[in-house]
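Written below as structure tokens is the structure these notes are about.
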Amino acid sequence: PTNKSVIATLKPSEEITVTNNGTFKLDEQDRVLDAQGNILENYTVDDDGYVKNPEGIKVGNINNLIREFIDNGEFTFEFEDKAGNKGTATAKVTWIDHEAPEATLSYSKDTLTNQDVTVTLKFNEEVKVTNNDGKHTYTFTENGELTFEFMDLAGNTNKVTAKVDWIDKVVPTANLKYEMADNKVIVHVINPSKEITFKNGNGTYEFTKNGNYEIVFYDKLGNFGKVIAVVTGLSNNNNETNNPNGSGNTGNTGNSGSTTKPSKPGNSGNSGNINNGNYNTGNKPTDKPSVDNPTIDKPDDNQKEPAPDKKDPIKDNEGNKTEHDKNGTSDNKESNKKSKFIYIILIAVCIVLGISIGIIATRKSKQL
């Protein structure tokens, strides 16, 4: 296919005269004449034989053997030879395409969303996308537009613009308003940037403990935001970081019930109780807890220390060995002498037995 004009050329087998394609011709002075021989002022002929009107538009060809097709169609040449024989030839063109290709757009999502949107082009004929890296799709991560440019096989071009303005990924925001009442703080979420829904609660929260509290909320597309309520000034010292949303907190998760605050080492009495989330300082007793003092019996100054048993200690007061130690040493020496004597007797017996057995064996061998 082409979007240009098509030239059909008649190629006869002998010299002929075309009788129906002679709209223009030239006189001896190369002036353009019409079929009746009238001079056409300001008409010109280019090197390819095309006749152009005063505005420069091609209106025909000086050569009557050719026929230019601007659009699809057909033309029948009529001709005759020198002998007067007549003939015809028909030229037909069906591949001229001046129509620009068309495209339709389809979107992966076409309603308000917080997701990416992909647009896809569909064409009515075979085309080539000349931008967007030749791709027929494009993904919008945010609102915007893109113009696709494309061309069909005939060379006709067109373009179409995809526009997305329904992506909303903006996180909702809000302000906080504080009220103090009966040793508690009431926090109101106010001035949201868009319509929001709270993860828990309705936007009004009561806190009885000092701390930082995270409040989470969502818009209708699922974008979530949060604010931190900073509660101070309550009469308790139980500072916490909580999350009224119930999914957890940066310190303790949700409302963890009663929490006992450990007392400092060395403190006596009650350091305070936390009951149902309220921290009470309690009353410290004025008297210290009673402790039975240990009784220590001191020896009488006139009481003499008992004399050491001379038989039990290893040494007496002067460091000399006692009688008991001396007798023990003598008994040990006597026992060692007896053991050595018995050991010698046993060795002698063994030697005698060995010699006797050897003599007996020798005698028996001689008798044999």
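Residue count for the range 195-223, restricted to those that are acidic (D, E) and surrounded by 15 or more Cβ atoms within 10 Å (Cβ to Cβ): 2. Restricting attention to the range 135-153, the residues that are out of contact with any strand residue (DSSP E or B) (no Cβ under 7 Å at 6 or more places or on another chain) and either of a type in the set (G, A, S) or without any contact (Cβ under 8 Å) to a residue 60 or more places away in the chain (or both) add up to 1. A single entry from T94, T9, T2 fulfils the requirement of being at pLDDT 90 or above, among the hydroxyl-bearing types (S, T, Y), under 23 Å from A154 (Cα atoms) and out of contact with any strand residue (DSSP E or B) (no Cβ under 7 Å at 6 or more places or on another chain): T94. The set of residues from the range 175-200 being in contact with a Leu (Cβ under 8 Å, 6 or more places away or on another chain) and among the β-branched types (V, I, T) comprises V185, V187, V189, I190. When the range 20-58 is limited to residues that are in contact with a Leu (Cβ under 9 Å, 6 or more places away or on another chain), of a type in the set (A, V, I, L, M, F, W, C) and within 30 Å of P1 (Cβ to Cβ), the one that is modelled with the lowest pLDDT turns out to be F24.
Each residue in the range 144-187 was checked for being closer than 23 Å to K122 by Cβ and not in a strand (DSSP E or B), and 6 pass. Any idea how many residues of the range 10-35 are exposed (fewer than 10 other Cβ atoms within 10 Å of the Cβ), closer than 18 Å to D46 by Cβ and either of a type in the set (S, T, N, Q) or touching a Lys or Arg at 6+ places or on another chain (Cβ under 8 Å) (or both)? Count: 1.
Filtered by the rule that a residue be under 60 Å from the mean Cα position of the chain (by Cα) and under 26 Å from E80 (Cα atoms), the range 1-60 gives a lone residue, V6.
With respect to the conditions (1) surrounded by 11 or more Cβ atoms within 10 Å (Cβ to Cβ); (2) within 30 Å of G222 (Cα to Cα), T111 lacks only one, and its number is (1). Within the range 36-45, the set of residues being surrounded by 11 or more Cβ atoms within 10 Å (Cβ to Cβ) and of a type outside the set (S, T, N, Q) comprises I39, L40, Y43, V45. Here's a check for you: in the range 59-88, which residue that is over 24 Å from E14 (Cβ atoms), part of a loop (DSSP other than H, G, I, E, B) and not charged (D, E, K, R) is modelled with the highest pLDDT? Only one residue fits best here, namely N72. Would you confirm, using the coordinates I've provided, whether K169 is out of contact with any strand residue (DSSP E or B) (no Cβ under 7 Å at 6 or more places or on another chain), modelled with pLDDT of 95 or more, farther than 18 Å from T137 by Cα and of a type in the set (K, R)? In short, yes. Scanning the range 89-115 for residues that are assigned to a loop (DSSP other than H, G, I, E, B), free of Cβ contacts under 8 Å to residues at least 40 places away in the same chain and within 23 Å of E142 (Cβ to Cβ) returns a single hit, S108. Can you confirm whether K226 is part of a strand (DSSP E or B), at pLDDT 95 or above and exposed (fewer than 13 other Cβ atoms within 10 Å of the Cβ)? Taking the combined requirement at face value, the residue does not satisfy it. Within the range 158-182, the set of residues being surrounded by 14 or more Cβ atoms within 10 Å (Cβ to Cβ) and hydroxyl-bearing (S, T, Y) comprises T173, Y178.
Within the range 1-36, the set of residues being free of Cβ contacts under 8 Å to residues at least 24 places away in the same chain and of a type in the set (G, A, S) comprises S13, A35.
The values are calculated or read from the model by the stated rules, or taken from the named source; none is laboratory data. Since the structure is predicted, the reported quantities are computational estimates derived from the model, not experimental observations. Positions of Cβ are backbone-derived with ideal geometry, glycine not excepted, and every protein chain shown enters the neighbour counts.
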